[in-house]
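A.B. asks: Quick one: structure below, then a few questions.
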Amino acid sequence: MTAEHKLMCSKILQHYGVSPQLRKLAEECGEAVQAALKYDYKANEITKQALITEIADLEIMVQQIKIAVGYETVNKEIDFKLNRQLERIKNGG
């Protein structure tokens, strides 16, 4: 996501507020799940484009909530989870 995209997300979050955007995030999560399952079941250009659309929608909403809760907090959790998973892989998991 570009710096311009982040600024746009910030403006959208300021306009609507955190609570409505949390509900929108939940909605987009559900739509992304459906698109992922459809693409997994039958990968073609239609299901691929639907998945791309839902990933974009989801990324926009995640970006807004990261702004709301703080990038640093989220980044620390990402580091923890990635390192933990890589350690599991290293140990044969």
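A.B. asks: For Lys90, give me every one of the lysines with a C-alpha distance below 29 angstrom, ignoring sequence neighbours fewer than eight places off in its own chain.
C.D. replies: Partners found: Lys76, Lys81.
A.B. asks: For the chain, divide the Cα radius of gyration by the Kirkwood radius and give the resulting Rg/Rh value with two decimals.
C.D. replies: We get a ratio of 1.06 for the chain.
A.B. asks: Of Gln34, Gln21, Gln63, which is the most mobile in a GNM of the chain whose springs link Cα atoms less than 10 angstrom apart?
C.D. replies: In this elastic network of the chain, the residue with the biggest mean-square fluctuation among Gln34, Gln21, Gln63 is Gln34.
A.B. asks: Still on this structure: With a length cut of 15 Å (Cα positions projected on each helix's long axis) and a Kyte-Doolittle mean of at least -1.0, go through the chain and give me the DSSP H helices that pass.
C.D. replies: 3-16, 18-41, 45-69
A.B. asks: Under 25 Å Cα-Cα from Lys38, which lysines qualify once same-chain neighbours fewer than 8 residues away are excluded?
C.D. replies: Here the lysines satisfying the reach criterion relative to Lys38 are Lys24, Lys48.
A.B. asks: For the chain, build the charge dipole from Cβ charges (+1 Lys, Arg; -1 Asp, Glu) around the Cα centre, then report which of Gly92, Val69, Leu37 sits farthest towards its positive end.
C.D. replies: Sorting the options by dipole projection puts first Gly92.
A.B. asks: Next question. Under 12 Å from the Cβ of Asp57, count the other residues' Cβ atoms, weight Lys and Arg +1, Asp and Glu -1, and hand me the total.
C.D. replies: -4
Coordinate-derived values only; no laboratory data. Treat the numbers as computed from the prediction; the structure is a model and nothing was measured. All Cβ positions, even for glycine, are placed from backbone atoms using ideal geometry, and neighbour counts span all protein chains on display.
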